[in-house]
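The structure appears below as structure tokens.
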Amino acid sequence: MKILDVLRKDAIIVDLKSTEKKGVIEELVVPLAQSSGADPADLVKVLMERERLGSTGIGGGIGIPHGKLKGLDSLVVGFGLSRKGVNFESMDGRPTHIFFLLVTPENSIDIHLKLLSRISRILKNDLLKQRLRNAKTSEDVLNIIREEDESF
């Protein structure tokens, strides 16, 4: 599965406003709730519960908040970019700028892990991360990911 198979243009936010973890998650779930029909509060709750187990700020300016939601029909993926950076309690203690948000149906463990793995793998590319940080539009983000997605 490619990232662009599930990341929709309307789920990309290239200028997140929030400066704290919960606010970023609340911003990122808005388009996902609209497209999936899920309650935004339920999405935020499941993602914040996962954050309490350990931060999904993996370091290197990357955060991948994720969770599983009962009653969700299909997986939803969002992307966000914080120009200033957010204290996301990352492993390296540095600000987080690039966010991929992933919520899957409760029983979709396999697809959840495969997509998390794919996102993590492409984000090991420092040039890709820099290009994403410099993206100005959702179309820019899609094009950057498309180039990387096709090379796997």
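Okay, here's what the table says:
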read-out	value
Count - residues of segment 33-76 that are hydrophobic (A, V, I, L, M, F, W, C), at pLDDT 95 or above and within 12 Å of the chain's Cα centre (by Cα)	3
Among residues of segment 24-45, those that are over 30 Å from Asp126 (Cα atoms) and either among the polar types (S, T, N, Q) or in contact with a Lys or Arg (Cβ under 7 Å, 6 or more places away or on another chain) (or both), counted	3
Segment 82-140 - residue that is of a type in the set (A, V, I, L, M, F, W, C), assigned to a loop (DSSP other than H, G, I, E, B) and at pLDDT 95 or above and, of those, nearest to Lys22 (Cα to Cα)	Phe88
Within segment 19-35, tally of residues that are crowded, with 16+ Cβ neighbours inside 10 Å and touching a residue at least 60 places away in the same chain (Cβ under 8 Å)	6
Every pair of residues 6+ apart whose Cβ atoms lie under 6 Å, when the first sits in segment 74-100 and is within 17 Å of Val29 (Cα to Cα) and in contact (Cβ under 8 Å) with a residue 24 or more places away in the chain while the second is assigned to a strand (DSSP E or B) and among the β-branched types (Val, Ile, Thr)	Leu75/Thr104; Val76/Val103; Phe79/Ile12; Gly80/Ile13; Val86/Thr96; Phe88/Thr96; Ile98/Ile62
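The values are calculated or read from the model by the stated rules, or taken from the named source; none is laboratory data. This is a predicted model, so every value here is computed, not measured. Reconstructed Cβ throughout: ideal geometry from the backbone, glycine too, with neighbour counts over all protein chains shown.
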